[in-house]
1. For residue 56, which of the numbered conditions (1) closer than 24 Å to residue 211 by Cβ; (2) near the ligand (Cβ under 8 Å from one of its atoms); (3) open to solvent by less than 20 Å² (accessible area, probe 1.4 Å) fails to hold?
2. Identify, please: which residue in region 101-113 is open to solvent by less than 10 Å² (accessible area, probe 1.4 Å) and not β-branched (Val, Ile, Thr) and is, among those, farthest from the chain's Cα centre (by Cα)?
3. Tally up the residues in region 183-218 that are among the aliphatic types (A, V, I, L, M) and within 21 Å of residue 119 (Cα to Cα), please.
4. Restricting to region 1-34, what's the tally of residues that are open to solvent by less than 10 Å² (accessible area, probe 1.4 Å), aliphatic (A, V, I, L, M) and within 10 Å of the ligand (Cβ to nearest atom)?
5. Could you tell me which numbered condition residue 132 fails, if it satisfies all but one of (1) under 15 Å from the mean Cα position of the chain (by Cα); (2) open to solvent by 70 Å² or more (accessible area, probe 1.4 Å); (3) closer than 18 Å to residue 33 by Cβ?
6. Tell me, which residue of region 75-99 that is in contact (Cβ under 8 Å) with a residue 12 or more places away in the chain and of a type in the set (D, E, K, R) is nearest to the ligand (Cβ to nearest atom)?
7. Here is a list of conditions, (1) at pLDDT 95 or above; (2) in contact with a Lys or Arg (Cβ under 7 Å, 6 or more places away or on another chain), and residue 87 meets all of them except one; can you say which number that is?
8. With respect to residue 98, determine if the residue is touching a Lys or Arg at 6+ places or on another chain (Cβ under 9 Å), open to solvent by 40 Å² or more (accessible area, probe 1.4 Å) and under 25 Å from residue 58 (Cβ atoms).
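The values are calculated or read from the model by the stated rules, or taken from the named source; none is laboratory data. Remember, it's a predicted structure, so these values are computed and weren't measured experimentally. As a convention, Cβ positions derive from the backbone with ideal geometry for all residues, glycine included, and neighbour counts pool all protein chains shown. Quick note on the areas: whole protein, heavy atoms, side chains included, nothing else; ligands and nucleic acids left out. Shrake-Rupley method; radii C 1.70, N 1.55, O 1.52, S 1.80 Å.
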Amino acid sequence: MNLILLGPPGAGKGTQSVVLSKKYNIPHISTGDILRESVKAGLPLGLEAKAFMDKGELVPDEIVTGIVVERLKKTDTKKGYILDGFPRTLQQAVDLDEALKKESGRIDMVLYFETSPKVAIERLSGRRVCKKCGFNYHVKNIPPKKEGVCDKCGGVLFQRPDDKEETVLNRLKVYEGQTKPLIEYYTKKGLLKKVSGDMMVEDLFNVISKIFSDMKLA
Ligand code: AP5
């Protein structure tokens, strides 16, 4: 099952990817996570990407597409994969199609998480991330047992720099201008399936699981 999760920042793509990846035993490939790891490791790629990420702008297509195409060559993608946060521009989508064609690969479904800006802003401003294992929490919706401490590994929770209000507003603007056209692109290909990103985590997970079983994808 080769999936793309599409939707605005804060739609819950990362949160669903984690549970779907576990249930269906396929890797979760998040371009945001890969870029943040490169920033943390001080890699040249990370240094280049950081300037864009801090402003809520998109990292140039050729950088991001190169990362994904290389990642898809790894053997753990043979059974399937979840692309979270990629593609994010029409150019990335076209380049992904080209790369998949060369390898006789294909995308089975694009899950579009339709989410209201109000919900997205509320989620992003309350998101807290574990410094050690990267697990995501939300101060109100998905709080840790002990404030500021990760339930899973005891790591310290922090706010992503790009979750500050002014950057969030720009990320939503960038999404509207550059990523939303992908809805039409994948609708025309007959791959788009819309779900409500505004639902509770578990309810949405059940809806998605049912879609997969109805369509015999899993
Ligand atoms: P990235 O990390 O991909 O950020 P994003 O797309 O903006 O997505 P988010 O992680 O903010 O949201 P999400 O939908 O995953 O929501 P989440 O599950 O975390 O990208 C960051 C940056 O990297 C970009 O701005 C760009 O610069 C660069 N980049 C990445 N990919 C790129 C690409 N392809 N091209 C160019 N540049 C790229 O949930 C959010 C919060 O809500 C959490 O606190 C969570 O606990 C909570 N929550 C989740 N679901 C629910 C729910 N159902 N109910 C209640 N709370 C929920």
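1. Only one criterion in (1) closer than 24 Å to residue 211 by Cβ; (2) near the ligand (Cβ under 8 Å from one of its atoms); (3) open to solvent by less than 20 Å² (accessible area, probe 1.4 Å) is unmet by residue 56, namely (1).
2. Here the answer is 109.
3. Matching residues across region 183-218 total 8.
4. 3
5. Of everything listed in (1) under 15 Å from the mean Cα position of the chain (by Cα); (2) open to solvent by 70 Å² or more (accessible area, probe 1.4 Å); (3) closer than 18 Å to residue 33 by Cβ, residue 132 misses just condition (1).
6. 88
7. It is condition (2) that residue 87 fails.
8. no
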